Amino acid sequence: MPDSVPIKGECDPRFARVREIFEQNIAEGADLGAAVAFTLDGEPVVDLWGGHLDFNRTREWERDTLVNVYSTTKGMTAICAHQLVEAGKLDLDAPVAEYWPEFAAAGKQTLPVRYLLSHQAGLPAVEKPLSDDALYDWPVMTAALAEQAPWWEPGTQHGYHAVTYGHLVGELVRRISGQSLGVYFKDHVADPLGADFHIGTPAELDARTSDLHGKLATKVSDDVAKTLPKQLLDFMNSFTDPTTMTGAAFNNPRQHPGQVNTRAWRAAEIPAANGHGTARALARVYGALARGGEVDGVRILMPASIERAIAEQSNGPDAVLGGLPMRFGLGFMLRSPIMPLSPSERAFGHPGAGGSIGMADPDAKVGFGYTLNKMQQGLVGGAGGFKMLNAFFEAL
């Protein structure tokens with residue numbers, strides 16, 4: 001590899017093809033800077049990082065570089081809720097209002113907890129306009145969601161709660177534990193596992209945090225439009241229209257170019273979208289889940305809790321994502337034709353807009369993480385991550 005594209009780390013020779021794809025992605029510009037990690041039965045077998053933090057290539061991606069992973073954060077948030085279920089403090093079939101009384105407004109008094117985790121609650125968006133900074137104000141967001149009437153009858157369909165998922169689940173965690181979601185995650189998941197992942201990132205970590213470059217494309221030319229599935233076109237047409245449910249789901253509060261790189265974004269706890277971490281941390285967490293919830297003597301969930309978390313709750317056209325066929329458990333995306341995580345039907349995890357992804361395969365005991373700083377096209381993972389997943393399992 002040329003000196004201008006530094007690649008560092010370790011890779012078991014069995015998985016040399018993963019390294020080749022990773023190097024090629026950076027050399028050809030598909031990635032600017034990135035990291036990929038796999039664990040097998042709890043042991044690291046791939047741990048690579050490389051490229052740069054900036055297009056001028058003045059700063060190399062380092063072993064401990066952090067980056068925002070958007071919705072890959074949702075899997076980390078789900079673990080917190082399942083810990084409370086396991087402890088008997090949260091009942092998946094109890095009304096949300098039992099823990100959060102204000103939530104009973106607008107006919108939601110019987111809406112069960114499991115609908116929040118499975119994207120069936122009908123609350124993917126807030127209808128009333130919110131100020132641009134409301135996303136950083138936890139009480140404002142949770143109050144708006146408590147007041148909001150469901151956009152559909154809860155339980156009758158599913159639709160991706162792209163931003164609201166984190167506030168809905170996070171408020172339950174806060175009400176029950178007395179800790180914000182980010183603090184709870186740090187104390188009960190990240191610190192015990194030694195996983196470098198943060199939901200609410202302190203300023204002292206800015207020096208090793210990469211900006212994200214580019215944004216997810218939502219407008220296409222007429223020529224390109226002719227090549228895209230109707231579901232994706234429907235989503236793109238609705239995405240930028242704040243009067244639609246989909247537009248409000250992604251843009252109320254309004255999000256601005258470059259917002260993800262600000263101190264305000266990093267400092268806030270947005271448990272659906274602003275986790276910052278390393279690929280190694282994702283592989284560590286999912287590697288524990290792939291082993292029944294334990295690694296190196298640290299247990300984050302019991303096997304029965306994991307099985308409950310990955311039991312299918314919803315499957316089929318997504319009401320928010322233009323009818324794309326999605327498959328959800330309780331807080332995790334499950335393996336499907338558009339999420340081909342591994343050969344195992346029991347594989348689960350979560351991707352993030354732009355290409356990041358974390359995954360567990362409990363049959364093969366594989367944990368996986370991929371982080372990057374150049375936004376790729378894709379709402380359910382990027383091409384780079386899936387290519388490396390395919391290569392890993394072919395070698396395995």
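The values are calculated or read from the model by the stated rules, or taken from the named source; none is laboratory data. These numbers were taken from a predicted model, which means no experiment stands behind them. For neighbour counting, all protein chains shown are included, and Cβ atoms are generated from backbone atoms with ideal geometry for every residue, glycine included.
Observations on the model:
- Some residue of the range 122-144 being touching a strand residue (DSSP E or B) at 6+ places or on another chain (Cβ under 8 Å) and touching a residue at least 12 places away in the same chain (Cβ under 8 Å): no
- The residues in the range 129-142 that are of a type in the set (A, V, I, L, M, F, W, C) and part of a loop (DSSP other than H, G, I, E, B) can be counted, and the count is 1.
- Number of positions in the range 100-128 that are in a loop (DSSP other than H, G, I, E, B) and either within 25 Å of the chain's Cα centre (by Cα) or among the aliphatic types (A, V, I, L, M) (or both): 12
- Some residue of the range 69-79 being loosely packed, with under 15 Cβ neighbours inside 10 Å and in contact (Cβ under 8 Å) with a residue 60 or more places away in the chain: no
- Scanning the range 158-193 for residues that are of a type in the set (D, E) and either in contact with a strand residue (DSSP E or B) (Cβ under 9 Å, 6 or more places away or on another chain) or surrounded by 24 or more Cβ atoms within 10 Å (Cβ to Cβ) (or both) yields a single hit, E171.
- When the range 49-89 is filtered for residues that are on the phi > 0 side of the Ramachandran plot and out of contact with any strand residue (DSSP E or B) (no Cβ under 7 Å at 6 or more places or on another chain), the ones remaining, listed by number, are R57, Y70, G88.
- All positions within the range 250-275 that are modelled with pLDDT under 95 and not aromatic (F, W, Y): N251, N252, P253, R254, Q255, H256, P257, G258, Q259
- Strands (runs of 3 or more DSSP E) enclosed by the range 1-94 - at least 1 residues per element that are at pLDDT 95 or above and under 22 Å from the mean Cα position of the chain (by Cα): 33-40, 43-51
- Checked against the criteria, Y165 counts as assigned to a helix (DSSP H, G or I) and under 26 Å from R266 (Cβ atoms).
- Hey, G155 among the small types (G, A, S), crowded, with 20+ Cβ neighbours inside 10 Å and in contact (Cβ under 8 Å) with a residue 24 or more places away in the chain or not: no
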